[in-house]
Amino acid sequence: MPGGRRNAASRNGQSKSQANFSVSSNIGIRSNSGERTAGNGADDRKSELCGMKALVPKHVPIPVVPVDGHLTFEALSLVVSIIAASLQMLNLYRTVWWLPHSYNNYSMNFYLIDPYLLVFIIIMVARQFIYSLLHRVIDVSSPVRWLPTAQKMMRITLLIIVMNILCWCLYHMAERHNSMKIFYLCYPSLSVYFVMFGISAAPFFDISTPLYGKDEKKTKFLMDKPLHNCSLNASAIRAEVSTLRSDFNRRLKRALFASSSSAYVCGIAPIIFVPQHLHFNISWVVQHVIMFWLERISAHFSHAYPVRYCDVLHRAALHLGRWVKIENRNSHTYAQVWNDSILWPHGSVVRHNKEIYRSEGFCTVAEPGNSNHYRFYALFSNPTMLLCSILGLQLLLVCAQLLILLRTTDWYQVLSITLLLVINYYTLFKVTRDYLICWKVYHAEQIIQEKSQMIANSTVQ
C-alpha cells in the first residue's frame, strides 16, 4: 500500500534519503517513497546535475601573498648559515683581547681554526645558492630547445667541481686530524642523504624543488606547485589526493634534511675539530646548535609550505571528506554498500569490509578505513593547523631566546643570541602574516560551507 511505503521511508529516516540522493547520478532522482519520479530524461539529467553541484564545496580565493623566490631564499639561507658558523667559531675560539696585558689582539684565536674546515663549510652552505644562480642564468640565456641539456650539463659540471673541492679539503684535514673526526664529519650526512634520496645528485643542489614521477606528472603543476582541480569524479579526486600527499611528504623530507644538514655543518662540524686543550662552554655551544636547527626548520617549512600550497591541500581535503567507523551499531541500521564512483553527501552510512561508516565533510569520496585518506583530511581540513604549529614553534623559539638574552652577561653570548634573535624575527613575521590571512579566509569559508550544508540538507529532505 502507498501508506506502507511512506511508513517504511519514514523509518529509514534521513540516512535513507541521503543515500538515495548520493546515488542519484546512477539510478536517477527518487521520491520519498523510494520510487523513481516521473518525468522526461532532460528533467532527470537536470536534477542530477543540481544534486552533484550541491555536493561541491565552496572555496574562498586566497589573496596574493608575497613569498620569497627560490634564489632569494637560498641567498638568505647562505647569509644565515655563514653567520651561524661564525658565531659558533666565536663561541669556541673567543679571547680576552680587551684585558690590558692580553697576548691577543683579536677577538678570536684564528690560528687554531683549520682553514680547510672553513672552505669545507663555505662550499657546503653555498652550493645550493650557486646552483640556483646558475640555474637562473641558464633559464634566461639558453634557448628553449637546449634548456634541459644545458641544465643537465651545468649540474654535472658543478657536481664535479664541488666534489673535487670537498675531497681536497678532506684530504688535507685527514693529514692534520684523526681519521675518526673525518668519519664523524662525513658519515651522518652521507648516510642520511643516501637513505632519503638514493644516488640522485639533484637534491644535493636543489633541496627545495621536488622531482616528480611519470604518474605524478599527470597532475597540474605550475612553478613546481600543484594546482587543485575541482572535479566531480571520485577516482580523480582520490588520485589528486594521492599525488598531493606524496608531494607533501617529499617536501617534508627535504625540509628536514636541509635544516638538519645546515645545523650539522655550521654547528657541529666546528666542534668536531676543536683542539683537545681548548676549553669552552659546552652547554652554550650545544644550545647554539639547537637554536639554529629550530630556526632552520621554521624557515624551510615556511618556504616549502606557503599559503597557496596549503590552500591547495585544504581544497583537496574538502573534496575528499572522511569516514568515521560506527562502533555502537545495531542490526537495523540501514547502510548501502560503498561505491567508489559516488560522491557521498554528509551523514551517509555505508558498509565496507564488514564495517559500517558514517561520512563527515561536505562530500566524501575517501575510501572507508583508508588511514592515508583519514590523516589527509584530519591535517588539511583545517589548514591553519600546519601554520599554527610552525607559528607556535617560532614563538617558543623567540621567547626562549629573549629570556636567555635577559640572563646573559658575557659579551660573546650577547652577540650570538642577539644575531640569532634578529634572524628569527624575519621568519616570525612571515609565519604570523600567513597564519592571520589563512585564519580570516577560512573563517569566512566555514560560514559559507555551513550555509551550503543547510541548503543541501533541505534539498535532500
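Any read-out appearing in this document is the output of simple, stated calculations on the displayed coordinates, not a laboratory observation. These numbers were taken from a predicted model, which means no experiment stands behind them. Positions of Cβ are generated from backbone atoms using ideal geometry, with glycine treated the same way; all protein chains shown enter the neighbour counts.
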Practice prompt. With a point put 7 Å past each Cα toward its Cβ, work out how far Asn372 is from Lys440 in nm, to one decimal.
Written response: 3.7 nm
Worksheet item: Can you give the extra length, in nm with one decimal, that the chain gains between Ile182 and Leu419 once fully stretched, where that is 0.36 nm per residue apart less the Cα-Cα distance?
Response: 82.3 nm
Discussion item. Taking the beta-carbon count within 10 Å as an exposure proxy, list Phe197, Phe110 from fewest neighbours to most.
Written reply: Phe110, Phe197
Worksheet item: What's the center-to-center distance, using Cα atoms, between segment 397-417 and segment 125-144 in Å?
Response: 38 Å
Discussion item. What's the ranking of 269-276, 137-144, 254-261, 184-191 by average number of surrounding C-beta atoms within 10 Å, highest first?
Written reply: 254-261, 269-276, 184-191, 137-144
Fill in: Spacing of the two label points (7 Å from each Cα toward its C-beta) at Thr408 and Val79, in nm
2.0 nm
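Can you pull out the trypsin sites (Lys or Arg not before Pro) in segment 75-150 that DSSP calls coil and that have at most 11 other Cβ atoms within 10 Å?
Details: sites: Arg94, Arg127, Arg136, Arg145; in loops: Arg145.
Hits after loop and neighbour filter: Arg145.
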